[in-house]
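Structure first, commentary second.
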Amino acid sequence: MELHTIQTAIVAALIVVGSAFLLVGTIGLLRLPDVYNRMHATSKATTLGAASIFLAGFVHFDAQAEGLSSLVGIVFLFVTAPTGAHMISRSARKMGVEFGLGEQWPSRSADDGTSEDADTE
Amino acid sequence: MTVASETSVLFDWIVTGGLLVSAFVTLLSAYRVIRGPTVPDRVVALDVISTNVVAIAVLFAIQSDKGALVEVGLVLAIIGFISTVAVARYVIEGDIIE
């Protein structure tokens, strides 16, 4: 088996894995009950899917200019996707978006005593 | 038909299938943008769409064998992140840059 065939097989496998992760993330986005669960599904699965496809680009374009910018894209996705999800969930909580299945945020007055430090957000 | 050409035909099918799956998934995410009960739902769905478009750009770079299109995906990822943060600030504070 020559080297080019191995490279093609690796790229194909990474594309299949990435597409599967994108599909799973979108099913989570459509089916889960509230915004926090949807973010939990998408921010991880979509990041892994796009990173896997970036990795396929890195393997396909060799370690030259375009391949290295694919690696930069992976690092950028892994830095920014959790930051964006954190910003959205923080603003959702400040807007007062409720949980879908009736759960509550842990209230600060319920656990009385030693709750002085819990007030600082 | 040699082994190499068969492999290349299969590879083209796999890349096209990946493009189709990514495009279909992006179309499905639009349901959550239109329907989503609250504003953060729509922001999450738009974030997913921008990440999917990045994946589509890289897949198209692989399919057409033009490496410069990877940079398009990189720029789209940056724009998606900035717009997500901007909207997330806008919905709670009313302005983005004070």
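Taking the condition of being open to solvent by 50 Å² or more (accessible area, probe 1.4 Å), within 12 Å of chain B (Cβ to nearest Cβ) and without any contact (Cβ under 8 Å) to a residue 24 or more places away in the chain, how many residues in the stretch A:87-105 meet it?
Going through the stretch A:87-105 one residue at a time, the tally reaches 4.
Hey, any hits in the stretch A:44-60 for a residue that's more than 9 Å from every other protein chain (Cβ to nearest Cβ) and surrounded by fewer than 18 Cβ atoms within 10 Å (Cβ to Cβ)?
Yes, because at least one residue in the stretch A:44-60 is more than 9 Å from every other protein chain (Cβ to nearest Cβ) and surrounded by fewer than 18 Cβ atoms within 10 Å (Cβ to Cβ).
Please tell me if residue B:27 is at pLDDT 90 or above, under 28 Å from residue A:75 (Cβ atoms) and not β-branched (Val, Ile, Thr).
no
Report, by residue number, each residue of the stretch B:16-57 that is among the basic types (Lys, Arg) and at the interface with chain A (Cβ under 7 Å from one of its Cβ atoms).
Kept after step one, since they are among the basic types (Lys, Arg), are these residues of the stretch B:16-57: B:32, B:35, B:42.
Of everything in the stretch B:16-57, just one residue is among the basic types (Lys, Arg) and at the interface with chain A (Cβ under 7 Å from one of its Cβ atoms), namely B:32.
Within the stretch A:48-103, track down each residue that is outside any helix (DSSP H, G or I) and more than 19 Å from residue B:47 (Cα to Cα).
Residues satisfying the conditions are A:61, A:62, A:63, A:64, A:96, A:98, A:99, A:100, A:101, A:102, A:103.
I'd like to check something: does the stretch B:80-98 contain any residue that is touching a Leu at 6+ places or on another chain (Cβ under 6 Å) and assigned to a helix (DSSP H, G or I)? Spell out the reasoning first.
In the first step, residues of the stretch B:80-98 are kept if they are touching a Leu at 6+ places or on another chain (Cβ under 6 Å); the result is none.
Scanning the stretch B:80-98 turns up no residue that is touching a Leu at 6+ places or on another chain (Cβ under 6 Å) and assigned to a helix (DSSP H, G or I).
The values are calculated or read from the model by the stated rules, or taken from the named source; none is laboratory data. Source: prediction; values computed, not measured. Cβ coordinates were reconstructed from backbone atoms using ideal geometry, including for glycine residues, and neighbour counts include every protein chain displayed. Surface areas here come from the heavy atoms of the whole protein model, side chains and all, with no ligands, DNA or RNA. Shrake-Rupley method; radii C 1.70, N 1.55, O 1.52, S 1.80 Å.
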